[in-house]
Amino acid sequence: MERKVYKNIINGEWVSSENTIEILSPLDNSYLGSIPAMTKLEIDQALDLAKIGGKKWKEVPLKEKAEMLNNAAKILEQRSEEIAMLLMHEIAKGFNAAQDEVLRTVSLIRYTVEEGLRMQGEIINGNAYEKNSNKIAMVQRVEIGTVLAISPFNYPINLTASKIIPALIAGNSVVLKPPTQGALSALEFVKVLVDSGIPAGVITSVTGRGSEVGDYLIQHPQIDFINFTGSTEVGERIGNVSGVKPLLLELGGKDPAIILPDADLKLAAKEVSKGAFGFSGQRCTAIKRVLLHEEIADEFIGYLQAEVALLTVGTPFENADITPLISVSSVEKAKRLFDDAMSKKAKALTEFKNEDNLMWPVILDFVTEDMDIAWEEPFAPILPILRLSSIEEMIRVTNDSEYGLQAAIFTKNQEHAMEIASKLDVGTVHINTRTQRGPDNFPFLGIKKSGTGVQGIRYSIESMSRIQSIVIKTK
Ligand code: NAP
Ligand code: G3P
């Protein structure tokens, strides 16, 4: 794989910085490339130009915007293999999952363009409110200005695009702050946008460690909207320092799988295994706890163990199900949670095993509410099972979480599932399927410490645009 010194796109030019950050592969610590570590002065200059770029973008007809973005979809599709290969090296994503992330983004771009072309307005009649009104309001959605998009390491293509593309079709200019680990992949996506013909200054990238440049970006006067996906810890910090700027925050999760006595236990076991261990558990929407009715606990666990035993552990190039985590610190956090649970009498159904940042899947049975893993979010292949005696208990344990992203309910009684779903304090409930963000046209939201605002193609366009109303007299 080619090792490259990456640059940032600023006003249509690829620009380097004096200082750089080396990006190493989590597979073998090999050097993959470097990115600029921008200074505050460089950021100021970039964001001033993004503001000018946004004014130019506003004048581009929507149909032309659509053509450029569809061109980007075509270029991304053409480059999908090389970009997927980079994902495999940079974030250790398995071959199939890496290919899927890129091709899923091609579909996201095309669907977003179609939604953007149909975001029409409305006419409101004043005389529907006042009998002698002679006014009408012409209401449409327009751009907000410059959107700061900040994306996480686990989907550096799809979760970058899921912010940038709706923002662009809504008429905004975009400044992307990619994850440092994932920046090479994200910058390849930015290059696709540049090569698609999007005018200079409309898309800008700023790289640097979030801990060093994050606050400055969030508070920058040239930023009009912040669209962040990442940890709750960082999201809360952004909320505190952002002032009155509009925000869209997609944060952490602790999604439960609720397994009722009448569930199809084999189906539930398959879905829980995929949901908990997909991309080695490094998904916000991963199933991160099983709330299991004690009547069928042993039977379900037998099926789950059989499913987990089928998971392959290895490298992305072997297309292994479980690949190395993004860092050894992810393994250390999982081990801390494991040790705490074991010290409080949990039962490990599989040993805790790792080789550096490669961690084998772990199932913990007899997890109780006094254990940290019942509530904390590991970003690793470790799954706690809580055996509970009633659906009321399952609802309470679900709602007692500080998170509220998603939940899955497994039962053959659809009506009962709908009734339970209405009582769960989460953004989305899946019935008889694992928790997940896709399809990307569905609304995607977290409540409580899982976020604020709604993503999902049309919802993202609405979130990153505002109403403009023009009132005229009719006679
Ligand atoms: P993270 O550490 O919060 O980083 C996310 C992004 O924020 C990165 O681009 C990071 O840059 C940047 N950042 C860090 N500190 C910042 C600051 N003070 N101000 C502004 N930006 C800052 O999260 P991650 O490790 O990439 O992803 C894992 C976490 O994100 C998990 O908690 C997961 O649940 C959550 N997540 C949620 C969703 C969702 O849709 N709800 C999706 C994916 C992940 P650097 O890389 O330079 O630090
Ligand atoms: O953590 C990333 C989040 O967006 C999960 O996406 O499609 O794997 O559920 P997905």
Out of the residues in the stretch 1-14 meeting the condition of being surrounded by 16 or more Cβ atoms within 10 Å (Cβ to Cβ) and not in a loop (DSSP other than H, G, I, E, B), tell me which one is farthest from the chain's Cα centre (by Cα). I10
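Each row is one residue, and each column tells you yes or no for (1) in contact with a strand residue (DSSP E or B) (Cβ under 9 Å, 6 or more places away or on another chain); (2) without any contact (Cβ under 8 Å) to a residue 24 or more places away in the chain.
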{"position": "K7", "(1), (2)": "yes, no"}
{"position": "N11", "(1), (2)": "yes, no"}
{"position": "S17", "(1), (2)": "yes, no"}
{"position": "T20", "(1), (2)": "yes, yes"}
{"position": "S34", "(1), (2)": "yes, no"}
{"position": "E42", "(1), (2)": "yes, no"}
{"position": "K51", "(1), (2)": "yes, no"}
{"position": "E64", "(1), (2)": "no, yes"}
{"position": "Q78", "(1), (2)": "no, yes"}
Could you tell me which of the residues E376, E393, E419 is surrounded by fewer than 22 Cβ atoms within 10 Å (Cβ to Cβ), at pLDDT 95 or above, within 23 Å of L325 (Cβ to Cβ) and not small (G, A, S)? E376
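For (1) surrounded by 18 or more Cβ atoms within 10 Å (Cβ to Cβ); (2) under 29 Å from the mean Cα position of the chain (by Cα), each residue gets a yes or a no:
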{"position": "A297", "(1), (2)": "yes, no"}
{"position": "P324", "(1), (2)": "yes, yes"}
{"position": "F338", "(1), (2)": "yes, yes"}
{"position": "F352", "(1), (2)": "no, yes"}
Give V194, V174 a once-over and let me know the one that is β-branched (V, I, T), more than 26 Å from S327 (Cα to Cα), more than 14 Å from ligand 1 (Cβ to nearest atom) and surrounded by fewer than 24 Cβ atoms within 10 Å (Cβ to Cβ). V194
Can you tell me how many residues in the stretch 1-23 are closer than 18 Å to G182 by Cα and either in contact with an Asp or Glu (Cβ under 9 Å, 6 or more places away or on another chain) or at pLDDT below 95 (or both)? 8
Can you confirm whether the stretch 220-232 contains a residue that is part of a helix (DSSP H, G or I) and either surrounded by fewer than 24 Cβ atoms within 10 Å (Cβ to Cβ) or within 16 Å of ligand 2 (Cβ to nearest atom) (or both)? yes
Restricting the stretch 135-180 to residues that are within 14 Å of ligand 2 (Cβ to nearest atom) and part of a loop (DSSP other than H, G, I, E, B), the one farthest from the chain's Cα centre (by Cα) turns out to be P179
Could you run through the stretch 53-74 and say how many residues are over 22 Å from V106 (Cβ atoms) and of a type in the set (G, A, S)? 2
Look at L27 and say whether it is closer than 30 Å to N354 by Cβ, in contact with a His (Cβ under 9 Å, 6 or more places away or on another chain) and in contact (Cβ under 8 Å) with a residue 40 or more places away in the chain. yes
What's the number of the condition R387 fails, among (1) away from ligand 2 (no atom under 16 Å from the Cβ); (2) of a type in the set (K, R); (3) not in a strand (DSSP E or B)? (3)
Could you check the stretch 398-436 and list, in sequence order, the residues that are of a type outside the set (S, T, Y), within 16 Å of ligand 2 (Cβ to nearest atom) and outside any strand (DSSP E or B)? L405, V426, G427, R434, Q436
Selection from the stretch 301-317 of residues that are closer than 20 Å to S273 by Cα and either surrounded by 15 or more Cβ atoms within 10 Å (Cβ to Cβ) or touching a residue at least 60 places away in the same chain (Cβ under 8 Å) (or both): I301, Y303, L304, Q305, E307, V308, L311, V313, T315, P316
With (1) within 26 Å of K266 (Cα to Cα); (2) buried (at least 19 other Cβ atoms within 10 Å of the Cβ) as the list, and G404 as the residue in question, which single condition is left unmet? (1)
What about V213, is it hydrophobic (A, V, I, L, M, F, W, C), surrounded by 24 or more Cβ atoms within 10 Å (Cβ to Cβ), more than 16 Å from ligand 2 (Cβ to nearest atom) and at pLDDT 95 or above? no
Cβ pairs under 6 Å, 6+ apart, first in the stretch 267-286 and of a type in the set (D, E, K, R), second within 16 Å of ligand 1 (Cβ to nearest atom) and in a loop (DSSP other than H, G, I, E, B): E271/R434; K274/R434
Condition first: more than 10 Å from ligand 2 (Cβ to nearest atom) and surrounded by fewer than 24 Cβ atoms within 10 Å (Cβ to Cβ). Now tell me which residues in the stretch 272-288 satisfy that. K274
Condition check for A170: in contact (Cβ under 8 Å) with a residue 40 or more places away in the chain and hydrophobic (A, V, I, L, M, F, W, C): yes
Might you check whether a residue that is among the charged types (D, E, K, R) and closer than 22 Å to Q99 by Cα occurs anywhere in the stretch 334-344? no
Filter the stretch 436-448 for residues that are surrounded by 16 or more Cβ atoms within 10 Å (Cβ to Cβ) and within 13 Å of the chain's Cα centre (by Cα); the one that is nearest to Q414 (Cα to Cα) is Q436
Applying the selection to the stretch 333-366, what residues are assigned to a helix (DSSP H, G or I) and closer than 18 Å to S273 by Cα? A334
Would the stretch 462-472 turn up any residue that is part of a loop (DSSP other than H, G, I, E, B), within 30 Å of I136 (Cα to Cα) and either more than 16 Å from ligand 1 (Cβ to nearest atom) or in contact with a strand residue (DSSP E or B) (Cβ under 8 Å, 6 or more places away or on another chain) (or both)? yes
When you look at N132, is it over 20 Å from the mean Cα position of the chain (by Cα) and either in a loop (DSSP other than H, G, I, E, B) or buried (at least 19 other Cβ atoms within 10 Å of the Cβ) (or both), yes or no? yes
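The values are calculated or read from the model by the stated rules, or taken from the named source; none is laboratory data. These numbers were taken from a predicted model, which means no experiment stands behind them. We place every Cβ from the backbone using ideal geometry, glycine too, and count neighbours over all the protein chains shown.
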